[in-house]
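This report concerns only the one structure given below.
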Amino acid sequence: MHGAGPTHRYAGATASFPDHLACLRARLRQEGHAVLSDTLRLRVSRIESETEDIRTYELVPPPTARLPPFEAGAHLEVRVPGGPLRQYSLCNDPQETHRYVIAVQREHHGRGGSRAMHERVQVDDTLLTSLPRNQFPLVPAPFTLLVAGGIGITPLLAMAEQLARTGAPFALHYCTRSPARTAFRVRLSEPRFRGRVHLHHDGGDPARGLDVRALLAERPGGAHLYCCGPAPLMGAVRDAAEVGGWPQETVHFEAFTAEGTNVLTQRPGDGTFEVALKRSNRVLHVPPGMSILNVLRTHGVQVPSDCESGSCGTCLTGLLGGEPDHRDCFLEAGQRSRNILVCVSRARSRRLELDL
């Protein structure tokens, strides 16, 4: 599903990342964790319906093994029955060492991964997963503000659990269409979250939902902001944070998208445009509903990618000409004239020239 991920650096370390992983796997095996190469074999011990389209899956190790620890914001790559690899955030308290919990939203127009999870996975089945990985870590701060939309609640729920357990000041604003489409309602109503969790239902009209401009108009001293959800919410939060004077290093995003139908890529009125590849002297056509990245792949042009939602920057490509339609949450204003994230962004002009 994804190509090469971002480069990871370890302070004071001279070993390569593969060496680091090998050492980590060896240490985890010595400690009795359920590690087979890069893969965990986990049993589905419980499946619960949170909403009509969202289910949680509790994953546990074999009886004699222990799970590797994870941090709030981490995710698993799961080998879905039938072959596809999908990423799902861990949504239980990181202090829990006996289980992982993921939530899967059924995407009726996706590529089949979520449908396979909903229709084929049963209790006592075994799933192959990666070790927990974290590209959305929680930073200690005097105050933490969490803003979630839809299934984007999952990584922020793990953060809320950790913050509530440790007594750290925080607030969680959770935006959904209706109470019936609000996952984890019972859990979020429990005493540890009282006064800290705020639910917002817009009935499908964003104007009736959370006023992010008002929410972010003033920044509590030292506060950090985390947002996960669909593109319109993240775009509104990003704009409001800029207007409110939140320093860039205190604002963190993770995008959740439907399988194969990236919400950052598709908008009403999208048309076909051309991408001219300067170095290879090729011109490709990008139709509505297909990203530049997918068109490049179709024609054998390999560009590294990871999140495919406009949040990690791995697919950053040089922009030589044309007027881009930036739909990412990564580039700063000063970078947008000469770069583009080809996983999500499109063109306002008839043609873009790329440094490929």
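Here, each number is a calculation from the coordinates, and none is a lab measurement. Bear in mind that the values here come from a model prediction, so they are computed numbers and not experimental data. As a convention, Cβ positions derive from the backbone with ideal geometry for all residues, glycine included, and neighbour counts pool all protein chains shown.
Which length gain, in nm to one decimal place, applies between Val295 and Thr166 when the Cα-Cα distance is subtracted from 0.36 nm times their residue separation?
Value of the extension gain: 41.8 nm.
First measure r as the distance between the Cβ atoms of Asp355 and Glu249, then evaluate 1/(1 + (r/R0)^6) with R0 = 22 Å and state the FRET efficiency to the nearest 0.05.
0.20
Take peptides 167-179, 136-148 and line them up by average Cβ neighbours within 10 Å, highest first, as a rough protection proxy.
So the peptides 167-179, 136-148, ranked by packing, come out 136-148, 167-179.
So how long is each side of the range 273-354 along the principal axes, counting just the alpha-carbon atoms, biggest first, in Å?
Principal axes ranked by extent give 28, 24, 23 Å for the Cα atoms.
Percentage of Cα-Cα pair distances in the range 89-169 greater than 19 Å, rounded to whole percent?
Value for the range 89-169 (Cα pairs over 19 Å): 48 percent.
What ranking do 86-96, 286-296 get when scored by the average of other Cβ atoms within 10 Å per residue, highest first?
Per-residue Cβ counts within 10 Å, averaged per peptide and sorted highest first, yield 86-96, 286-296.
What FRET efficiency comes out for the pair Gln95/Arg336, r = Cβ-Cβ distance, R0 = 41 Å, nearest 0.05?
0.50
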